[in-house]
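Nothing in this text is a laboratory measurement; each read-out follows from the coordinates by a stated rule. Computed from a prediction, not measured in an experiment: that's the story for all the values here.
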Amino acid sequence: MSATKKNPVRTTRRQFLSAAAGGGAAVTAQSILPVSAAEIEGLPPEVADWSRYLGEGVDAYPYGQPSKFESHVVRRNVPWLTASVESSINFTPLHELDGIITPNGLCFERHHAGVAEVDPAEHRLMINGLVEKPLIFTMADILRFPRTNKVFFLECAANSGMEWRGAQLNGCQFTHGMVHCVMYTGVPLKLVLQEAGLKTNAKWIMPEGADAAGMNRSVPLDKALDDCLLAFKMNGEALRPEQGYPLRLVVPGWEGNMWVKWLRRIEVGDQPWHTREETSKYTDLLEDGRSRRFTWAMDCKSVITNPSPQAPLLHKGHNVLSGMAWSGRGTVERVDVSLDGGRNWRHARIDGPSFDKAVHRFYFEFDWQGEPLLLQSRAIDSTGYVQPTKDELRAVRGTNSIYHNNGVQTWHVRAGGEVENVEVS
Ligand SMILES: Nc1nc2c(c(=O)[nH]1)N[C@H]1C(S)=C(S)[C@@H](COP(=O)(O)O)O[C@H]1N2
Ligand SMILES: [Mo]
C-alpha cells in the first residue's frame with residue numbers, strides 16, 4: 001500500500017470560523033428541508049402495493065439476504081489502493097451500521113494472497129517447536145476443547161494510514177473502515193498449548209496461515225496464554241471464508257495482521273522470528289530513519305460515523321450524531337464530542353454493552369440550523385489514555401508513518417449539510 005497523498009485537504013480553524021460568521025457558503029435549501037408527506041402519492045392513508053398482495057413464502061431465501069433497498073450497503077475498496085484484488089483490502093461501511101457488532105457479510109477484508117478455500121474435513125492445526133509432544137489436530141479435535149464466547153474488535157494496523165499526513169479519503173468507510181467487531185466462539189489457545197506441553201524455555205509462538213501467503217507473525221507467549229482464542233465461529237455461525245474459515249487466531253486488542261486466518265500451524269520458540277510482516281511491513285518508520293520494533297496493542301480511537309462524508313445532514317433541527325470508539329487496552333470510559341473543531345467538548349452518551357477490547361457505540365443529540373460545523377470525537381479508555389490529535393501524533397512519530405494512526409478525525413459539515421474530510425490546525 002502506498003502512502004502517496006492525493007489532494008490532502010487542510011482547513012484552519014480561522015478559515016472555518018470566518019466562513020461560519022460570514023455565512024459565505026451557498027445554502028442548498030432543498031437538501032435540508034424535510035419532505036412533506038402530503039407531497040408524496042401512495043403513502044398512508046393510501047394503501048401501498050406491499051399491503052395488497054401476498055409476500056414471498058418461507059422458502060424464498062434459505063439463507064437470508066438484506067432488503068433490496070439496502071443494496072448500497074456493501075464493502076468497498078479504493079481503486080488506487082487496489083493493485084491486485086488478491087493482495088488488497090476492502091472497507092466496512094461504518095456509516096451504515098449501528099450498535100457494536102459488525103454483520104458477517106460487511107466485515108472488511110484484508111488478504112495478502114486472496115481467500116484460501118479450505119476444506120474443514122482436511123484442515124489440520126499443527127503445534128510444534130518447543131513443546132513436549134508435537135500435535136496435529138483435526139477441526140473435530142478442536143471442537144472437543146472447552147469453548148468461550150467473546151466480543152472483540154479487529155483493526156488493521158494500516159487503518160487511517162492514508163490520513164497520516166493530511167485529510168485525504170472522503171468517507172469514514174475509507175478513513176476508518178479497516179475495523180470490525182464480532183462475537184467469536186473459540187477455544188482458549190492456552191488449553192491447546194498446554195495439551196502439547198510447553199518447554200520451560202518457550203517464550204514466543206509463530207502462528208502461520210494456510211493461504212498462499214503463509215502469513216505468519218511472532219506473538220509473545222504471555223499474550224498467547226492470556227486471552228488468545230482459536231476461533232471457529234463469528235456472530236454465531238461458521239467463520240466466513242474471507243475471515244479465515246475454518247479456523248483463525250484471535251489476538252484481542254492487538255493489530256489485525258497478528259490474527260492469522262486459515263490457521264494451520266503454531267510453532268513455539270524462544271525468540272521472535274522477525275518475519276516479513278513484522279519487519280518490512282507493520283513497523284512504524286520514525287523521523288530519524290529508525291523503525292519502532294513491535295507495536296502490538298491498538299491504542300484508543302474513535303470516529304463519528306454519522307454525519308460523515310457518505311452520510312450528510314439532511315434535516316435542520318434535531319439531529320443524532322453517532323460514532324464508534326475502541327481501545328486495545330480495555331474498555332472505553334468516555335467519549336467527548338466537539339462541534340467546533342476541538343474548542344468546546346461535550347460528553348457523548350455511550351450506549352449498548354461495554355466489553356473489554358470491543359467497539360463501543362456513542363450518540364450525541366444536537367440541534368442544527370445550517371451553520372457550518374467541525375465535528376470531532378475523542379475517546380478515553382479505561383487506562384485513562386486520551387485519544388491524541390493528529391498533530392500530537394505527528395509531533396512524536398514524524399510524518400513517515402502509515403501504521404497505527406489513532407488521531408482525532410475532523411468532519412467539516414457545510415451549510416448545505418454536505419460533509420467533507422478536513423484537518424484543523
Ligand atoms: N493467513 C492470513 N492471515 C491474515 C492475513 C492474510 O493475508 N493471511 N491478513 C492479516 C491482516 S493484515 C489483517 S488486518 C487481518 C484482517 O482480517 P479480516 O480479513 O477478517 O478483516 O487478517 C490478518 N490475517
Ligand atoms: Mo492488516
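Could you work out the mean projected area of the convex hull around the alpha carbons of the chain, in square nanometres to one decimal? Walk me through the numbers on the way to the answer.
Values: hull surface 95.6 nm².
Value for the chain: 23.9 nm².
Note that region 123-131 has calculated 3J(HN,Hα) couplings of 6, 9, 10, 9, 10, 9, x, 7, 10 Hz, one per residue in order, obtained from phi through the Karplus relation 6.51 cos²θ - 1.76 cosθ + 1.60 (θ = phi - 60°); glycine and proline are x.
Between W411, W345, W50, the residue with the greatest mean-square fluctuation in the GNM of the chain (Cα pairs under 10 Å linked by springs) is W50. Structure note, pairs K133/K261; K68/K281; K190/K390; K68/K223: Cα-Cα distances above 32 angstrom occur for K68/K281; K190/K390; K68/K223. Spatially, region 338-376 and region 97-145 are offset by 36 Å when compared through their Cα centroids.
Apply the a/c threshold of 1.5 to the C-alpha gyration tensor of region 301-422 and tell me whether it is rounded, prolate or oblate. The shape class here is oblate.
Among V413, V74, V260, which one shows the highest mean-square fluctuation when the chain is modelled as a Gaussian network with alpha-carbon springs under 10 Å? Comparing V413, V74, V260 in the GNM, the peak value goes to V74. Nearest 5 percent is fine: what portion of the DSSP beta bridges confined to region 94-292 is antiparallel? Roughly 90 percent of the DSSP beta bridges within region 94-292 come out antiparallel.
Centroid-to-centroid, using Cα positions, region 168-197 and region 253-282 are 14 Å apart.
Across region 94-292, the convex hull enclosing all Cα atoms gives 122 Å³ per residue. Counting only DSSP beta bridges with both residues in the chain, the antiparallel share comes to about 95 percent.
Looking only at E155, E56, E122, which one moves most when the chain is put into a Gaussian network model with springs between Cα atoms under 10 Å? In the Gaussian network model the winner is E56.
Annotation: amide H of F137 within the under-5 Å range of L125, M126, I127, sequence separation 5 or more or interchain, hydrogens built in the peptide plane.
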